[in-house]
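**Student:** Before we start, here is the structure in question, set down as structure tokens.
Nothing in this text is a laboratory measurement; each read-out follows from the coordinates by a stated rule. Note that the structure is a prediction, hence the values are computed from the model and not measured. Neighbour counts run over all protein chains shown; Cβ positions are idealised from the backbone, glycine included.
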Number of protein chains: 2
Amino acid sequence: MPKIVDHDQRREQLAEAAWRVIRRDGVEGASVRSVADEAGMSLGSLRHYFTTQSELLEFSMRLVSERVNKRIQNMTYSGNPRQDIEAIIGELVPLDEERLAECEVWLAFVGSALAHPKLRELSEEVHDTLYAGFRRIVDSLIQIGMARPETDPHLEAMRLHALVDGLVVHGVTRKQTMSPEDIRQVIVYHLDRMAGEG
Amino acid sequence: MPKIVDHDQRREQLAEAAWRVIRRDGVEGASVRSVADEAGMSLGSLRHYFTTQSELLEFSMRLVSERVNKRIQNMTYSGNPRQDIEAIIGELVPLDEERLAECEVWLAFVGSALAHPKLRELSEEVHDTLYAGFRRIVDSLIQIGMARPETDPHLEAMRLHALVDGLVVHGVTRKQTMSPEDIRQVIVYHLDRMAGEG
């Protein structure tokens, strides 16, 4: 079914054009017209893929989360659980240009989600999926003895989740003082503290 | 100089009108015209206080941070350092309707800051002030023996800062599952873990 594949690919290309517009001009700048221009496509052709701006934005926001999930699913695990957990968390924070772009676009979407019910629903859905992922990480750390015995799994998962999202905000808004190396160090420090290491 | 006081008060009232518009329609909805409407003022009168939308937005964003600072400065300390630190951190997160409003508006501003150089500068300035505050908190906790001996003050302050900003994001975007009580519990849990309490 080559036509369907083309259709999906074209939608992803348009979403990536929307990301570029959002990084430059914010979510408010990402009209169907400006995204069509950015993608070098006519407005009429874009409307073949997305009928409304809201549909385009929702797809573009969802694609950020799908890209991150796909990278995590395709990861080659080292077999060292602590190293693998660091690598999984590393996929969520701005450690390189690709992840910085995703985090910038994500933060812009979250900032406008209050005023866009569809984006808000999506950010809630992704929040819950992420919480579940952090909960699995905490449960694994407890199981393999890399979390202190007094660990409360629910509070610990909420804490790790908030810490990682805070690092996303800081990596995006304060690049000069929160470098990728700083972000990585805070994650390592946190996992060390969770394990009770000195 | 009653005229100047009136002028400042009117600017704050307009900024509060901008907050209401932003919570409802996002930063992109906060034009000088919509804010004048919300404040029940003519566009001409608003322009007496703010010449451009950018000036209005910058002032409105700065006011969020000033309100929080003022509350912290006016706090009555209990003399119990741990309780006072919890209270200071509590002023930054959405524990009641006033702080939720501030956090929602702040997140909307941070989400649009990428595309607005003035808002970005301001968010960087506030980030640095907050980091310095968290660093003082960590230094105090070390001094009074409420942080484990292996605490790295810089990493610990970056971690606390990221955790608190993450809780702001979660309290705003996921009200149903991150209630004020959840947020408070994560902060208490974190300070307990920092102290090494079981």
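**Student:** Compute the whole-percent fraction of alpha carbon pairs in the range A:2-195 spaced more than 22 Å apart. Present the calculation step by step, with values, prior to reporting the outcome.
**Tutor:** Working: 9725 of 18721 pairs.
In whole percent, the share of Cα-Cα pairs in the range A:2-195 beyond 22 Å is 52.
**Student:** Rounding to the nearest 20 debye, state how big the charge dipole of chain A is about its Cα centre with +1 on each Lys and Arg Cβ and -1 on each Asp and Glu Cβ.
**Tutor:** Computed about the Cα centre, the dipole is about 300 debye.
**Student:** How big is D for the range A:96-186, in µm² s⁻¹ as a whole number, if Stokes-Einstein is applied with the Kirkwood radius of its Cα pairs at 20 °C and 1.002 mPa s?
**Tutor:** The calculation lands on 147 µm²/s.
**Student:** When chain B is turned about an axis onto chain A, which of its residues keeps its C-beta closest to that axis, and how many Å is it?
**Tutor:** Residue with the nearest Cβ, plus whole-Å distance, for chain B: B:GLY111, 1.
**Student:** Something else about it: Identify the chymotrypsin sites (Phe, Trp or Tyr not before Pro) of the range B:64-114 meeting these criteria: DSSP loop state and at most 12 other C-beta atoms within 10 Å of the C-beta.
**Tutor:** Values: sites: B:TYR77, B:TRP106, B:PHE109; in loops: B:TYR77.
Counting only loop positions with at most 12 other Cβ atoms within 10 Å, the chymotrypsin sites (Phe, Trp or Tyr not before Pro) in the range B:64-114 are B:TYR77.
**Student:** Among the listed pairs A:LYS70/B:LYS175; A:LYS118/B:LYS70; A:LYS118/A:LYS175; B:LYS70/B:LYS118, which have their C-alpha atoms separated by more than 25 angstrom in this model?
**Tutor:** Working: A:LYS70/B:LYS175 28 Å; A:LYS118/B:LYS70 36 Å; A:LYS118/A:LYS175 30 Å; B:LYS70/B:LYS118 23 Å.
The pairs that break the limit, which is 25 Å between Cα atoms, are A:LYS70/B:LYS175; A:LYS118/B:LYS70; A:LYS118/A:LYS175.
**Student:** I would also like to ask the following. Please work out the ratio of the alpha-carbon Rg of the range A:1-103 to 2.2 N^0.38 Å and round it to two decimals.
**Tutor:** So the range A:1-103 has a normalised radius of gyration of 1.26.
**Student:** Per residue of A:55-66, how many C-beta atoms from partner chains lie within 10 Å of its own C-beta, taken as a mean?
**Tutor:** 0
**Student:** Another question, then. Using the 7 Å Cα-to-Cβ label point, sort the distances from B:ASP152 to its equivalents in the other copies shortest first and give them in nm to one decimal.
**Tutor:** Here the equivalent label points are 2.7 nm apart from this one.
**Student:** What number, rounded to the nearest 500 deg cm²/dmol, is the helix-based mean residue ellipticity at 222 nm of chain B, given -39500 (n - 2.57) per DSSP H run of at least four residues and division by all its residues?
**Tutor:** -25500 deg cm²/dmol
**Student:** Loop only by DSSP, 15 or fewer other Cβ within 10 Å of the Cβ. Give me the chymotrypsin sites (Phe, Trp or Tyr not before Pro) in the range A:6-62 that pass, ordered by residue number.
**Tutor:** Filter output for the range A:6-62: empty list.
**Student:** A further question on this structure: Taking B:ARG82 in one copy and the same position in all the others, each labelled 7 Å out along Cα→Cβ, what are the pairwise distances from the first, in nm, shortest first?
**Tutor:** Result for B:ARG82, in nm, nearest copy first: 2.8.
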